[in-house]
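The values are calculated or read from the model by the stated rules, or taken from the named source; none is laboratory data. Only a predicted model underlies this, so the values are computations on that prediction, with no experimental measurement involved. In this analysis, Cβ positions are derived from the backbone assuming ideal geometry, glycine residues included, and neighbour counts consider all displayed protein chains. Ligands, DNA and RNA are stripped out before the accessible areas are found, and what is left, the full protein with its side chains, is counted by its heavy atoms. Shrake-Rupley method; radii C 1.70, N 1.55, O 1.52, S 1.80 Å.
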Amino acid sequence: MTIVHGNGRAAVMFAGIAAAACLLFAPPPAHAVVSSQVNGGGQLFVSGDGASDSYAISCVAGTVKVNGADPSGGPTACAAITLLGGNTGPGDDTVDLTAVSNAAGFTNPRMQNTPFGTYIALGEGADVGVLGPLGGEFEGEGGNDQLTGSDNRDRFGGGPGSDTIHGRGGFDLVNSGSGNDRVFGEGGRDNLNGQGGADLMAGGAGGDLLYGNGGNDALLGGGGRDTAHGDRGRDRCRAELLFNCET
């Protein structure tokens, strides 16, 4: 409906009222819901609702927080946490574990059993995950993920999709999964495995083991005495020991 009156101010007013009505009666936006609970054994488990969720684990005044709140069941001492696990589900999720450290209060001896003290399964989606100083394991399940490790021992499973993985220091075990992946071991003696696709495996410092495992891969050792196994495909290798490399 259009009203023209005088200098058009009535039409403008009508349009403004209509727009306000649309905002008033529009359905509210969906909000991601993150759940967390601690079982009797001190195992903290987090999960999402299938939307694009964000998770930040921290220790505040000696108690564990998930996105700034207590887990269901009430306050729990950080020192009582024996394992951190989770399954984010579908969606483009972000997992920040940079505050999970001894210094922050996560001092239980079982949490020090890296990389087995932390395990997070990342569901379908383009996920971002960063491990804390205690290290741990990320398992991607599809999507172009960006995963970053610690200076401790870490494990990564990229899953399907073209992933980018930075191991940082310490011993890292990486199975990048299918897709055109970019894996950087950086410090430490790393074991980096491509699994199909045109992958880049860059070992960095330390004596690394690099495996192409199918596709036209680039296997670059870096510092240290490195071993490159090109396997199937036409692979480009730079290492001290070369196997099944074309260039």
Q | Number of the exception - Asp231 against (1) under 21 Å from Thr164 (Cα atoms); (2) open to solvent by 20 Å² or more (accessible area, probe 1.4 Å) | A | (1)
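Kindly establish whether Arg189 is surrounded by fewer than 20 Cβ atoms within 10 Å (Cβ to Cβ) and within 30 Å of Pro109 (Cβ to Cβ). Talk me through it step by step, then tell me what you get.
Details: surrounded by fewer than 20 Cβ atoms within 10 Å (Cβ to Cβ): yes; within 30 Å of Pro109 (Cβ to Cβ): yes.
Here the answer is yes, as Arg189 does meet what is asked.
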Q | the range 182-206 residues that are within 13 Å of Asp151 (Cα to Cα), paired with ones that are among the aromatic types (Phe, Trp, Tyr) (beta carbon under 6 Å, 6 or more apart) | A | Gly188/Phe171; Arg189/Phe171
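Residues that are within 25 Å of the chain's Cα centre (by Cα), at least 3 per element: which strands (runs of 3 or more DSSP E) completely within the range 202-247 meet that?
Values: elements: 209-211, 218-220, 227-229, 236-238, 241-243.
Answer list for the range 202-247: 209-211, 218-220.
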Q) Can you name the condition, by its number, that Gly86 falls short on among (1) outside any loop (DSSP other than H, G, I, E, B); (2) at pLDDT 95 or above; (3) open to solvent by 10 Å² or more (accessible area, probe 1.4 Å)? A) (3)
Q: Within the range 98-122, track down each residue that is buried (at least 21 other Cβ atoms within 10 Å of the Cβ) and assigned to a strand (DSSP E or B).
A: Thr118, Ile120, Leu122
